[in-house]
Amino acid sequence: MAELLIPFAIFIVAMTGTPGPGNMTMMAIGQTTGFRTAVPFLIGTTIGFASLNLLVSLGLGEAFKQWEWLALTLKFGGAAYILYLAYKLFKLQAAPPETIKQFTISEGLLLHPLSPKSWAMSIAAYSQFFALLPVTAETTALFVFPFMVGQFTFHSMWCGLGAGLYNSLKNPQMRLMVNSSLVILMLGATLYALTT
C-alpha cells in the first residue's frame, strides 16, 4: 500500500488543485464577498466531498457504470445546480451589501455530490489506487481523508485568490467584470464535464 501513496498524492494535487466548478465557485465567492463569508460554503463542500468519496469507497461508483440513466441524471442535475450558483453569484455582485444572502453550508454540501467532475475524479482514483485492496476502515480512511485535505486546501487557496481580488479591486465595474469572467469559467468547466 505504501507505494501507492505518492502517486495517489500526486493525483489528488492534480485533480483538486486545477480549475473546475468547485475551485471556480470558491474563487468567485471570494472575489464577490471576501474569504470570511465563504467559510460556511467551504465547510459544506468539504463535508459533501468527503461523503461522496466515502460512498465511492463503499461501492456506489459501480452504480454509475451499471445504470447510464443515473449518470445522465447526475450530469444534468449538476449542471442545473451550477447554473443556480452562477445566478446567485451575479445577484450577489449586483445587490446592496445590506441585502446580500451569503452562501450556506447546505449549498456547499451539494456542490461535489452534484458535480460530474467530482464523481469522475473519485471513481477514477478509487479504481486506480484502491480497487484491489480490501475494503477496511483503514483503506477507506486512506482514500477519504487525503482527498478531503487536498480539496479543502485548494478550495481555500482559490477562495483566497478571489478574496485578494476583492480587496484589490475597488471599482464596482471592475469587480463585476472579474466576477462575470469567473462565472463564465464555472459554466465552461461544467459544460466541459457534460460533454466528456
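Any read-out appearing in this document is the output of simple, stated calculations on the displayed coordinates, not a laboratory observation. Just so it is clear, the structure is predicted and the values come from calculations on it, not from any experiment. When we count neighbours, we look across all protein chains shown, and the Cβ atoms used for this are built from the backbone with ideal geometry, even at glycine.
Tabulated results
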| quantity | calculated |
| --- | --- |
| Helix-only mean residue ellipticity at 222 nm for the chain, each DSSP H run of n ≥ 4 adding -39500 (n - 2.57), per residue, nearest 500 | -28000 deg cm²/dmol |
| For residue 124, net neighbour charge (Lys/Arg +1, Asp/Glu -1) across residues whose Cβ lies under 13 Å away | +2 |
| Three-way shape call for the stretch 1-75 based on the alpha-carbon gyration tensor, with the a/c threshold at 1.5 | oblate |
| Cβ-based net charge around residue 182, under 14 Å, with every Lys or Arg adding one and every Asp or Glu removing one | +2 |
| Under the span-like rule (Cα at least 27 Å along the axis, Kyte-Doolittle mean at least -0.5), DSSP H helices of the chain | 35-57, 68-94, 137-168, 172-195 |
| Per-pair calculated FRET efficiency, R0 = 41 Å: residue 177 and residue 4 via Cβ, rounded to 0.05 | 0.40 |
| Gain in span if fully extended, residue 137 to residue 83, counting 0.36 nm per residue against the direct Cα distance | 15.8 nm |
| Label-to-label distance, nm, for residues given as residue 104 and residue 67 (7 Å Cα→Cβ offset) | 2.8 nm |
